[in-house]
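S.K.: I'd like to ask some things about the structure below.
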Amino acid sequence: MPNDIDYVGREFPSELFDRELEGQIHEVGKERKEGGTQAVARLLDPWLDGNLHPMLGRLFGAEPPSPFPYRVTPIHFLNGWTRESTLRTGDECFVWIKADGNIPWLERAPDLLPSAFPEYPHEHLVGFWQARVTAIIKPRDPAVKARKVRAVLIDDRIRDHAHPSVRKLYGHEPWTDYSATLTDDRLGEAGAEMLDEIVDGVQRLASRLSRI
């Protein structure tokens, strides 16, 4: 290029900005002086995948373009747990949401009450739903069988539900406690949970007796 001339390139379409786009955390860095943590995300939003505009379509799977700043807001956490030793990331499963589950806590301060979530449709989500595992945390203690898990809802009943707040959760993790299972057998799962509690209690008692 001639001296004193900067190459700027084509401007990105205005519809790219001021909108929420789905993505995945690629890298997390140190804390920022302005607050928060440095992060790099890859864009995985269906709106970008196959977008007819070539500048938008090529952003799928890439970081948002420089020099535009962006903010990463978590929407998937590790709200679930599983006893299934064969479950792996990418596997399909069932998530079991109970009627007496904890209040929604996603994107809320710890001191907020259930009244802060009047639209969360917990009563419509009680039961078993098809889901896909996106992350599993292996416990540090090999004696612990339960693993923390993240699973997203892929059940057609969620996608086609009459309640709009339920439909919004399709492709997302439930905002409340759930367990990831291989079957939708309520009695079997409840019996297994009870057995786990009994075994844990016996182990704790044996540990105390051995110290005595």
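The values are calculated or read from the model by the stated rules, or taken from the named source; none is laboratory data. Just so it is clear, the structure is predicted and the values come from calculations on it, not from any experiment. Every residue, glycine among them, receives a Cβ derived from its backbone with ideal geometry; neighbour counts consider all protein chains shown. When the accessible area is computed, the model is the full protein with side chains, heavy atoms only, and any ligands, DNA or RNA have been set aside. Shrake-Rupley method; radii C 1.70, N 1.55, O 1.52, S 1.80 Å.
S.K.: What do you reckon, is Pro139 modelled with pLDDT under 75, open to solvent by less than 40 Å² (accessible area, probe 1.4 Å), within 26 Å of Ile25 (Cα to Cα) and not charged (D, E, K, R)?
M.R.: So Pro139 fits the description; yes.
S.K.: Can I ask one more? Using beta carbons and a limit of 6 Å, which pairs, at least six apart or on different chains, have the first residue in the range 57-76 and within 12 Å of His26 (Cβ to Cβ) and the second one among the aromatic types (Phe, Trp, Tyr)?
M.R.: What qualifies is Pro64/Tyr70.
S.K.: Further question: If you go through the range 123-136, how many residues are surrounded by fewer than 17 Cβ atoms within 10 Å (Cβ to Cβ) and either at pLDDT below 80 or under 19 Å from Asp185 (Cβ atoms) (or both)?
M.R.: Summing the residues that are surrounded by fewer than 17 Cβ atoms within 10 Å (Cβ to Cβ) and either at pLDDT below 80 or under 19 Å from Asp185 (Cβ atoms) (or both) in the range 123-136 gives 3.
S.K.: Where in the range 15-98 are there strands (runs of 3 or more DSSP E), lying wholly inside it, with at least 2 residues that are open to solvent by 80 Å² or more (accessible area, probe 1.4 Å) and touching a strand residue (DSSP E or B) at 6+ places or on another chain (Cβ under 8 Å)?
M.R.: Counting at least 2 such residues, we get 23-31, 37-43.
S.K.: Confirm whether Leu182 is at pLDDT 90 or above and open to solvent by less than 20 Å² (accessible area, probe 1.4 Å).
M.R.: no
S.K.: So, Ala162, is that one surrounded by fewer than 16 Cβ atoms within 10 Å (Cβ to Cβ) and at pLDDT 90 or above or not?
M.R.: Here the answer is yes, as Ala162 does meet what is asked.
S.K.: Please enumerate the residues belonging to the range 1-14 that are open to solvent by less than 70 Å² (accessible area, probe 1.4 Å) and modelled with pLDDT of 85 or more.
M.R.: Phe12, Pro13
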